[in-house]
Amino acid sequence: MRNFSLLKSALFFLLISGFVLSGSGKTIDIRGAEKIAVLDDGRKMPLHSYARKKLIQISGRSKIGSMSSMEWFLKLMCNPGALDTVSVFRIMNPETVDALGIKGPYKRRYSYSELYYSLDRCQQIATSSSKKKYSEMQPFEREILQIWNNLQEYNSIGAVFSAFDPRLELFTLQDTALASSLNVQPNRSYSFTDMIRLSAIFSARLENIRTKNLDSLTGGEKELLHLVRTMHDIGSQMQKTPPCFISVTENGNEEWYSVWGYLNKSGNSALKDKRVLSLLQLKDAYLAQDPESFNDAIAFLTSAKYQGYPHPGLEVLYNKLNPFFWARILLALAAVITLLNLFYGRKWSAVSSSLLIGAGFVMQTIGLFLRVFIQMRPPLASLYETFVVVSWIIVILGIGLDIFQKRNLGKVIASLGGFLFLVISGRYAVNGDTFGVIAAVLNSGFWLTIHIVTISIGYAGFLISGLLGHLYLVQILLRIKENVVKSTFQAVYVFMLLGLAFTVTGTVLGGMWADQAWGRFWGWDPKENGALLIILWGSAVIHARRGKLIGPAGTSVCAVIGILIVMFAWIGVNLLGIGLHSYGFTHSGLNLLIIMVVFETLFLVCSGFLAYKLRLGHLFLSDPYRFQIIIKLKGLIQKN
């Protein structure tokens, strides 16, 4: 865990002193700064994405009141003291507040000043918690560890320009002779950059000191040694603090540095670098509200082009448009109207739901295409992306079903299924950044892409079959018209066949890719076993239906169970944390699986109980062979 003391001291100074914005009467347009390149977690991103990610990570929101993430970030970076009384740190668990010793009634968000006097306690608990496995931590320990990381992120942003601030009292020369020889004033505070400007003189003096014994050093020489050690310690401590604005290419390798890191690496030459000067100009112009100077700094900082970072403007557009959020809203409205239309059929409701589904589909498509152009690869490399893609496929298949059947089944599937899986995808939007860095093993060509696409279609087929299975069971319990129920079961069966066909194909293609990537076609990896489990279940159900061992209702029950099997294979095996599919490992998803198992169990038990009471049990076996299973079992028992 990084040393926190310097950042804490710097931010406390800014808290009690603050900066005062000059009132020039002009305002600046911060939108130009949104495209400045930043490196975070190994990914180049526009500053807008970085600011949004950090604010969501710290507060759980992309805005603080009327303050956008960019406004928050620039104010924190350029004028941190102005934000220390703003409630931004989210605390979900009241037990966490008690553990930190924070006084007053519990609330969801706290300011930096409210947490400041609990920093030592927070560090102590976070340090001890970090030594435990995630599964061994108490909920409040997990949250305190996250809060501690958030505090470090917050302080790192606030300390971007602290190397230039002499008021932090990092360096003060007491020896009058030493100060005079360095042409500086004694007993006056100097910044880290002030000392960097003297680094050449320090080097020459140190050469002379190295030839002397420690006991023979003068007071000035001892102070110089202490000064250089302090510079080294502070520089080493601060050099890896984010954000990283400055790129340096050496021997074909691109390295990114924070302002502190670049100063520590390049020394005095960094103070003449146009990028450092432009960042300082941006800060000064922001504080002075000087639009012309601010725009000049932005123009230079956004002029550089970086490999693997072709479309920063598209990512900003994606963030602002937030297409999957609007798709979720549109599909949720469509689902409500469609379900109402099933019972109170009105022409306007059918038209409205179709338009809403179409609009939701358009937003999903825009979101997926933007992701393709931003990342320059198919959006299939994370759990978040697979849920988004499967949601999109469900909407497509639902629209297709509606075109062919025209009984509102397709609308139910497209709206409800699309909405549910977009909601689930939100659980995997890690800290607000859904792009992330692709694992090297996933950036390996054509076969992997085709494998994931076909598997996704297979998953979608089984999921649609399960959703329709719910609807079929409800219809027979409500004694809906036979022709309507029959068409529903046909859809259940067709989508189960579709799911099985594509899952088998995708699994084979996955084996072909694994043979190229890992040198073996099949290795009984948990993820592979999950796919095999889906295939075996789907094959068993289809064979049972074709062999007239189960009826339409029984097939629908199996389709509902199939949803649980797919979800276990999709996210459940990732919870195990073992196998070659380590890029999909996650701590999230267990609660979702438990909720789904409980819900489906209650649904099937209640459906079975009602069917028994209504004397509909014969529908669960195949007529006229409804007792065939019992007869065969009796025969086997008698033989034995």
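The values are calculated or read from the model by the stated rules, or taken from the named source; none is laboratory data. Since this is a predicted model, take the numbers as computed values, not measurements. Glycine also receives a Cβ, built like all others from the backbone with ideal geometry; neighbour counts cover every protein chain displayed. Surface areas here come from the heavy atoms of the whole protein model, side chains and all, with no ligands, DNA or RNA. Shrake-Rupley method; radii C 1.70, N 1.55, O 1.52, S 1.80 Å.
Could you give the accessible area per residue of segment 288-416, probe 1.4 Å, as a whole number in Å²?
Spelled out: the 1.4 Å probe surface of segment 288-416, per residue, equals 47 Å².
Quote the FRET efficiency, to the nearest 0.05, computed for LEU271 versus LYS240 with a Förster distance R0 of 22 Å and r equal to the Cβ-Cβ distance.
0.65
Considering only protein heavy atoms, what is the solvent-accessible area of ARG407 at a probe of 1.4 Å, reported in Å² to the nearest 10?
100 Å²
Tell me, what is the percent relative contact order of segment 169-289, built from C-alpha pairs under 8 Å that lie six or more residues apart? Don't jump to the answer; show the numbers that get you there.
On the way: 107 pairs, mean separation 22.6, N = 121.
Averaging sequence separation for qualifying contacts and normalising by length gives 19 percent for segment 169-289.
Say R0 is 30 Å: what FRET efficiency, to the nearest 0.05, do SER352 and VAL474 get from their beta-carbon distance?
The computed FRET efficiency comes out at 0.85.
State, to one decimal in nm, how far the label point of VAL336 lies from the label point of GLU71, with both points 7 Å from Cα in the Cβ direction.
Simple spin-label model gives 2.9 nm for this pair.
Using 0.36 nm per residue of separation minus the Cα-Cα distance, give me the extension gain between MET376 and GLN307 in nm, one decimal.
Working it through step by step, the gained length comes to 23.7 nm.
What does the extension gain come out to for VAL248 and ASN213, with contour length at 0.36 nm per residue minus their alpha carbon separation?
Gain on stretching VAL248 to ASN213: 8.6 nm.
Please report the relative contact order for the chain, taking Cα pairs under 8 Å with a sequence separation of at least 6, and give it as a percent rounded to a whole number.
10 percent
Hey, if we sort THR85, THR127 by accessible area with the 1.4 Å probe, largest down, what's the order?
Largest to smallest exposure gives the sequence THR85, THR127.
Using +1 at the Cβ of each Lys and Arg and -1 at the Cβ of each Asp and Glu in the chain, identify which of LEU214, GLY267, GLY436 lies farthest towards the dipole's positive end.
Of the options given, the answer is GLY436.
Counting only protein chains, not ligands or nucleic acids, how are GLU114, GLU207, GLU600, GLU221 ordered by accessible area (probe 1.4 Å), most first?
From most accessible down to least: GLU207, GLU114, GLU221, GLU600.
Suppose every Lys and Arg Cβ carries +1 and every Asp and Glu Cβ carries -1, with no other charges. What dipole size does the chain come out with about its Cα centre, to the nearest 20 debye?
Dipole size: approximately 2620 debye.
Skip the ligands, DNA and RNA, and give the accessible area per residue of segment 85-138 with a 1.4 Å probe, whole Å².
With all protein chains present, segment 85-138 gives 59 Å² per residue.
Can you sort ASP40, ASP29 by 1.4 Å-probe accessible area, starting with the largest? Provide the component values of the computation, followed by the final result.
Values: ASP40 15, ASP29 70 Å².
Final ranking, largest accessible area leading: ASP29, ASP40.
At a 1.4 Å probe, what is the % contribution of carbon and sulfur to the accessible area of the chain?
The computed percentage sits at 60.
Just name one of GLN124, ASN93, ALA82: the one whose Cα is farthest towards the positive end of the charge dipole of segment 69-187 (beta-carbon charges, Lys/Arg +1, Asp/Glu -1).
Of the listed residues, the answer is ASN93.
How far is it, in nm, from the label point at ARG407 to the one at ALA177 when both lie 7 Å from their Cα along the line to the Cβ?
It works out to 10.1 nm between the two label points.
Once you have the Cα-Cα distance between LYS133 and GLN516, take 0.36 nm times their residue separation minus that, and quote the gain in nm to one decimal.
Extra length from LYS133 to GLN516 when fully extended: 134.5 nm.
Only Cα pairs under 8 Å and at least 6 apart count here; give the relative contact order of segment 88-183 as a rounded whole percent.
Value for segment 88-183: 25 percent.
What is the ratio of the Cα radius of gyration of segment 453-557 to 2.2 N^0.38 Å, with N the residue count, to two decimals?
Values: Rg = 16.1 Å, N = 105, 2.2 N^0.38 = 12.9 Å.
That works out to 1.25 for segment 453-557.
To one decimal place, what orientation-averaged projected area in nm² is obtained for the convex hull of the Cα set of segment 16-175?
Its average projected convex-hull area is 13.0 nm².
If ligands, DNA and RNA are left out, what is the accessible area of ILE464 with a 1.4 Å probe, given in Å² to the nearest 10?
Estimated to the nearest 10 Å², ILE464 gives 0 Å².
What residue among LEU509, CYS558, LEU533 has its Cα farthest toward the positive end of the dipole of segment 486-563, where the charges are +1 on Lys, Arg and -1 on Asp, Glu, each on the Cβ?
Towards the positive end, the residue furthest out is CYS558.
Under the Kirkwood approximation applied to all pairs of distinct alpha-carbon atoms, what is the hydrodynamic radius of the chain in Å? Walk me through the numbers before you get to the answer.
Values: mean 1/r = 0.0347 Å⁻¹.
Computed over the chain, the radius equals 28.8 Å.
Could you pull the accessible area for GLU71 with a 1.4 Å probe, rounded to 10 Å²?
For GLU71, the solvent-accessible surface is approximately 80 Å².
So for the pair LEU593, LEU614, with labels modelled 7 Å out along Cα→Cβ, what separation do we get in nm?
The two pseudo-label positions are separated by 3.3 nm.
Quick one: dipole size for segment 209-259, taken about the Cα centre, charges +1 on Lys/Arg Cβ and -1 on Asp/Glu Cβ, in debye to the nearest 20.
200 debye
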